[in-house]
Structures are given as C-alpha cells and as structure tokens.
C-alpha cells in the first residue's frame, strides 16, 4: 500500500524510515479522507503501526500519576482536546514539547466531541501518533478518552442500554490505544437525595462498573489511567464530603485494582466559558482553595494523584500559574484553542462565514430566545469542525502556518505556567510504553 514499507510474517518493516517519515503528511491525509469505511480502518491501523515503528508509542500515564500520588512533582499535566486542524495542531504541540523537554502532556477527545468533530477513536489516535512520528517525538504518547459520559435522560429511561453504549465506546477506545479514560457518571448525581452518599450512589456504582469493565479488557502489561468525576461541571462547587462519599463508595463497589488515579471536581468553571451578549467570555472566579483542599484530600487519604480541573482554557491568563501551586494534577483545555482558531485574523472571512451560515441553517433549534447572534455562534461553532473537516485541512499552507504560530505561542505559555517544562525526564523514568501490535 505504501512505499518503503513491508509486512513479512506479521512483522512491519520500514525499509527507509526517513522516506517513510517524509510521506506521512500525504498518507495520513489520504487515510482520514478515504470514503470506504473498511479501507479507512485498514489504512489508519497500518499508519498507527508505522508511527509506533518510528518511536511514537501510545502509553498509559499511570506510572507518572502513581509517582504524583506519592510526591507531587510541582507541575499540572495539560490535557488538550483538539477539535479541528488536528494533525497540524498536534504537530505544533509536539514541536513545542520537544523544544521545552515537556513529556507530561495528554491529547484527549470527549464522547460528545467524537460526534461533532467526526473523529472516531482510531482516527484521532492515528492522527496524533503520526504527528508525533513526523516530529521525531521520542517520549510516550498519551491519548485520553475525556468525558466518557452517561446521558442522564437516556440512563434513567433505559439504564442498561446507556451503560452498554459506554462499554461499546470503551471497547473502541481501547482497541485504538486510548490508555487514559475518564469515566463521567456525574450526570447521574441525584442532588435531591437526603444524604451525600445517596446523592453520589449512582455516580460511584456506575463508575465502578465501568472501571471493572476496563480492567477486564485492558491489554496485558498496561494499567489504563482512570479518572472519575464527583460533580457535573457547571454546578455547585465540590465539597470534601462529596469526594469522600464518592471514593468510599467506589472503593467498596469496585473489586478490581488499581482503581482511580484522579478525580475531577467543580470549582466554578464551565465548559466553553460563560459567553456574554457581544460574544466575549465572562471572567470566572475559580475557587483555588477548594481545588487545593480536594487535591490534598484525594492524595493523602486515597492515594490519588490529585484533583482535575475541567473547563479551564477560557480562564484569564493570570490564573494558570496557580494550578500547580494548589497541586492540581491535571487540567483540561479545549475551547480556548477553538476560539483562537476561529477568531484568527489569517482565517479567510469567507470561510468563517460559510461555516456560520451553515450553523444558522442547520442548528436553528439551538438559537434559544434571548441569545444574541454572537452568543449563538459562540455556542455552536464547535459543530463546524466535523462537516468542514476536509475544508479545514485544505486551508492554504500560509493560513495554517499563521494559525499554528499563534497556537504554538499559547502552548508555550501554558507549558511554562503549568510548569511542565523539563518534565520529559520524569515521564521517561516513570512510564515504560508497552508496544501492542495491531496488525
């Protein structure tokens, strides 16, 4: 199928690794946009093996998080959701990480994002690993399933069916070599119940069931790094009582070990930020005292790496240095990058408006009364990545280069403020990738 690559007796042989590397841009493009589903799967699977042969091996960050639980290393791991321009964006991240010797970095995609960006797990994992190989990345590659979330309405209507959907997604993610999975049953919290334990019961029971399922399915030699969530992001701030109720219930319910490595909490943020009528994002007050308290509690009483902060990418820049100071173990970043891409001056206005007109036509039902046009566009433009995926990829090289320059500056800023610069040595010390052959 590809020049300079041979399969002999189930073994992948790269006859000329440098020429293979030079062809990756073309090959990944062809694979992603192959119309036939079977052929696409075949190409993506092979290219991920090629990337692994070039040194970009998907791995579990579990070893690092175990070390963090024992002795916090002074940094917060950035988990980056890439919704569009995925290959170029990932290459930019790896370029910057190489320059700054950053090893503690996660690439993630949520259940909901897979739908509206049209990136299934195998495609996402392959694009990320090929980008790593293209940039001669030498560290482990951490790919995460973010918010493997149960839909509340669906669950209460048909609980077994909704759980089966998550298990099916877990199967797909593990096959694609997602070795980090965040189980999110926080949507099932019943705040009307009398005790905190009863409020969290469905959350910890379903999270435990999914964790056991993952442990039974994970490849030999790999502990998938697991996360849970105690309060749906956007609600009231999480409390020590909620954290203890959830983790005590989880540990009593889940017979498989190891259990969770981290716990997502609510400290005042919301996914995507709070958008004002003019389309700008309101400043949000993050409760760093809560984040510090819950991180310490999770670490000292339960042996976790700490608490995880979601919905952080649209926060003011002056806040980011505080996350490692309060010993937050992981921070999730998505919408801020999306905003930079959509609002970038190099993006052709005609292309931007083409997407916005598509949104107004196809998602009119989401234009609720009282929303300005700017608010509607801000809330829905994430849906412009999937239907226009090829158009984004086909943007002129100079346009993409300009956008990537500024994304690179943003990534550099985040690496510095989250203090992951020079973390590669610790990552290599605590994480030994296990190469699983998929062909």
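Some notes on this structure:
- Extension reserve of the residue 168-residue 437 stretch, reckoned as 0.36 nm per residue once the Cα distance is removed: 94.7 nm
- Cβ crowding within 10 Å ranks 120, 257 as 257, 120, fewest other Cβ atoms first.
- Reducing segment 131-209 and segment 78-95 to their Cα centroids gives an inter-centroid distance of 22 Å.
- Most simply put, the chain has about 15% antiparallel DSSP beta bridges, counting only bridges with both residues inside it.
- Where only DSSP H runs of four or more residues are counted, the chain gives -15500 deg cm²/dmol as its mean residue ellipticity at 222 nm, each run worth -39500 (n - 2.57).
- Where labels lie 7 Å past Cα in the beta-carbon direction, separation of residue 237 and residue 390 in nm: 5.0
- Computed on the chain, with alpha-carbon pairs under 8 angstrom and 6+ residues apart, the relative contact order is 22 percent.
- The value of relative contact order for segment 102-199, using C-alpha pairs under 8 Å at least six residues apart, is 32 percent.
- Between residue 429 and residue 255, the contour length at 0.36 nm per residue exceeds the Cα-Cα span by 59.7 nm.
- FRET efficiency for residue 99 and residue 19, using Cβ-Cβ distance with R0 set to 45 Å, rounded to 0.05: 0.95
- Residue order, fewest to most surrounding Cβ atoms within 10 angstrom, among 213, 204: 213, 204
- Residues residue 406 and residue 36, FRET efficiency given R0 of 41 Å [Cβ-Cβ distance, rounded to 0.05]: 0.65
- Proxy reagent accessibility, fewest Cβ within 10 Å first, across 68, 319, 114, 210: 319, 114, 210, 68
- Computed label-point distance, nm, for sites residue 364 and residue 161 using a 7 Å Cα→Cβ extension: 3.0
- Applying 0.36 nm per residue to the separation of residue 11 and residue 413 and subtracting their alpha-carbon distance, the gain on full extension is 140.6 nm.
- Two-site label geometry, residue 346 and residue 192: point separation in nm, points 7 Å out along Cα→Cβ: 5.2
None of the figures in this text is laboratory data; all of them are computed from the coordinates on show. Predicted model, so just to flag it, every value in this text is computed and none were measured. Note that each Cβ is placed from the backbone with ideal geometry, even for glycine, and that neighbours are counted across all protein chains shown.
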